[in-house]
Amino acid sequence: MKIAILTDSLPPRIDGVAKTYVNLFEFLERGNHLFKVFSPFMPENGASWADCVHCVPSIPFYLYPDYKISLPEKEKIQGILNDFDPDIVHISSPTLLGKAGLDYARSKGIPAVAAFHTNFASYFKYYGFAVFQKMAWTFLRQFYNQFDCTLAPSLNLLKKMERLGFENLTLWQRGIDTVLFHPQKYNPAIQKLLSPEGRPVLLYVGRLVKEKDLEDLVQLQYLLDRNKIESQLVIVGDGPMRDELKEKLPKALFMGYLQGEELAQIYASSEIFIFPSTTETFGN
């Protein structure tokens with residue numbers, strides 16, 4: 001099968017969407033499927049699938065400059081896709097890039113599939129635009145209902161989308177790499193690094209953004225301190241809230257972005273994983 005994939009997030013960007021597509025590409029390679037990828041991000045040459053990626057023009061997203069807003073050149077994308085001659089088009093988000101993929105599929109009469117990765121509508125309230133949340137759900141529903149199939153990452157989200165009028169939904173489940181992430185990765189040296197005084201390690205892993213409900217993490221730390229409960233908060237990840245969180249959580253250890261074996265050892269060497277976000281579609 002030949003698959004055209006248009007995604008607004010890829011490495012070196014680190015987030016759940018990028019991780020999902022890395023796993024998907026590796027799966028497609030094992031099955032000897034051909035795929036062509038369009039994205040505003042260009043992976044490092046070390047990726048086995050890097051040559052499959054065409055980088056589209058983009059501009060930084062003003063609320064989060066690490067993200068990019070694709071400005072796809074439709075005629076150029078159409079030319080590349082005509083040469084590739086895909087059997088199906090898969091898009092990752094309701095953006096201009098996603099719309100370009102949908103338009104191409106419709107013009108060629110081939111199936112178009114969309115993945116619902118990000119609950120954009122729920123983000124508005126975190127940035128002072130809660131009044132637009134209902135309008136955002138209307139836009140998302142109208143956009144995704146144009147596709148032959150929309151992939152939801154969890155049964156809970158699928159049922160919510162059904163209630164909101166989304167159609168042609170299918171469950172696209174995720175999984176955990178239980179070889180990489182395993183309790184046997186416990187490392188006493190890592191635990192000592194995280195908490196030199198031997199306090200229980202409370203671990204958060206994720207982007208440092210408002211929609212992850214990180215203010216709850218701050219309140220949790222205040223509550224523990226007020227009740228004189230010893231703990232060491234460790235934060236893995238980065239984002240626009242980093243400076244604010246460092247000011248509010250002066251005792252926390254900020255590790256930045258980590259991946260692979262190093263991240264697996266930190267998971268296994270911590271006591272409690274804390275993830276306060278209520279906006280996840282599926283927390284990787």
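The values are calculated or read from the model by the stated rules, or taken from the named source; none is laboratory data. Please read these numbers as outputs of a predicted model, since none were measured by experiment. For neighbour counting, all protein chains shown are included, and Cβ atoms are generated from backbone atoms with ideal geometry for every residue, glycine included. Accessible surface is based on the protein model in full, side chains and every heavy atom, while ligands, DNA and RNA are left aside. Shrake-Rupley method; radii C 1.70, N 1.55, O 1.52, S 1.80 Å.
Matching residues to (1) under 17 Å from Gly16 (Cα atoms); (2) open to solvent by less than 60 Å² (accessible area, probe 1.4 Å); (3) under 19 Å from the mean Cα position of the chain (by Cα); (4) at pLDDT below 95:
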position	(1), (2), (3), (4)
Leu193	no, no, no, no
Arg199	no, no, no, no
Tyr204	yes, yes, yes, no
Leu223	no, no, no, no
Leu253	no, yes, no, no
Ile272	no, no, no, no
Item to check | Single condition Ala152 does not satisfy, out of (1) touching a Leu at 6+ places or on another chain (Cβ under 7 Å); (2) open to solvent by 60 Å² or more (accessible area, probe 1.4 Å) | outcome: (2)
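Given the structure, is Ala189 open to solvent by 40 Å² or more (accessible area, probe 1.4 Å), in contact with a helix residue (DSSP H, G or I) (Cβ under 6 Å, 6 or more places away or on another chain) and of a type in the set (A, V, I, L, M, F, W, C)?
Details: open to solvent by 40 Å² or more (accessible area, probe 1.4 Å): yes; in contact with a helix residue (DSSP H, G or I) (Cβ under 6 Å, 6 or more places away or on another chain): no; of a type in the set (A, V, I, L, M, F, W, C): yes.
No.
Could you check how many residues of region 166-194 are of a type in the set (Asp, Glu), out of contact with any strand residue (DSSP E or B) (no Cβ under 8 Å at 6 or more places or on another chain) and over 26 Å from Phe27 (Cβ atoms)? Please lay out each step first, then the result.
Start the filter on region 166-194 by keeping residues that are of a type in the set (Asp, Glu), which leaves 167, 177.
After this cut, where a residue has to be out of contact with any strand residue (DSSP E or B) (no Cβ under 8 Å at 6 or more places or on another chain) as well, the list is 177.
Filter again for over 26 Å from Phe27 (Cβ atoms), leaving none.
So the count comes out to 0.
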Checklist entry - Is it true that Asn23 is open to solvent by 70 Å² or more (accessible area, probe 1.4 Å), closer than 19 Å to Leu151 by Cβ and either of a type outside the set (Gly, Ala, Ser) or under 20 Å from the mean Cα position of the chain (by Cα) (or both)? => result yes
Checklist outcome for this item: Conditions (1) open to solvent by less than 50 Å² (accessible area, probe 1.4 Å); (2) at pLDDT below 95; (3) out of contact with any Leu (no Cβ under 6 Å at 6 or more places or on another chain) -> Gly239 fails only (3)
Checklist entry - Is one or more of the residues making up region 238-251 touching a residue at least 40 places away in the same chain (Cβ under 8 Å), assigned to a strand (DSSP E or B) and in contact with a helix residue (DSSP H, G or I) (Cβ under 9 Å, 6 or more places away or on another chain)? => result no
Checklist entry - Is region 202-209 home to any residue that is farther than 20 Å from Lys185 by Cα and among the aromatic types (Phe, Trp, Tyr)? => result no
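I'd like the full set of residues that are open to solvent by 70 Å² or more (accessible area, probe 1.4 Å), within 19 Å of Val89 (Cβ to Cβ) and in a helix (DSSP H, G or I), limited to region 26-49.
At the first step, the residues of region 26-49 found to be open to solvent by 70 Å² or more (accessible area, probe 1.4 Å) are 26-27, 30, 32, 34, 42, 44-46, 48.
Of the ones still in play, those that are also within 19 Å of Val89 (Cβ to Cβ) are 27, 34.
Answer for region 26-49, where residues must be open to solvent by 70 Å² or more (accessible area, probe 1.4 Å), within 19 Å of Val89 (Cβ to Cβ) and in a helix (DSSP H, G or I): just Phe27.
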Checklist entry - Within region 259-282, can you find the residues that are part of a loop (DSSP other than H, G, I, E, B) and farther than 15 Å from Asp177 by Cβ? => result Ser269, Ser270, Glu271, Ile274, Phe275, Pro276, Ser277, Thr278, Thr279, Glu280, Thr281
Checklist entry - What is the residue count in region 23-59 for residues that are small (Gly, Ala, Ser) and farther than 25 Å from Gly260 by Cα? => result 1
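Inspect all residues belonging to region 212-219 and state whether any of them is in contact with a Pro (Cβ under 6 Å, 6 or more places away or on another chain) and among the acidic types (Asp, Glu). Show your work before the answer.
Applying the first criterion (in contact with a Pro (Cβ under 6 Å, 6 or more places away or on another chain)) to region 212-219 yields 213, 216-217.
Checking the rest, the ones that are also among the acidic types (Asp, Glu) come to 213, 216.
Yes - at least one qualifying residue is present in region 212-219.
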Checklist entry - Out of (1) touching a strand residue (DSSP E or B) at 6+ places or on another chain (Cβ under 8 Å); (2) within 22 Å of Ile14 (Cα to Cα), what's the single condition that is false for Thr150? => result (2)
Checklist outcome for this item: Of the candidates Glu262, Glu230, the one satisfying the condition of being of a type in the set (Asp, Glu), open to solvent by 20 Å² or more (accessible area, probe 1.4 Å) and free of Cβ contacts under 8 Å to residues at least 12 places away in the same chain is Glu262
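When only residues in region 69-119 that are among the polar types (S, T, N, Q) and more than 23 Å from Arg141 (Cα to Cα) count, which is nearest to the chain's Cα centre (by Cα)? Let's see the steps before the verdict.
Step one: list which residues in region 69-119 are among the polar types (S, T, N, Q), which gives 70, 78, 82, 92-93, 95, 107, 118-119.
In the following step, the residues that additionally are more than 23 Å from Arg141 (Cα to Cα) were identified as 78, 82.
Details: Gln78: 27, Asn82: 29 Å.
That would be Gln78.
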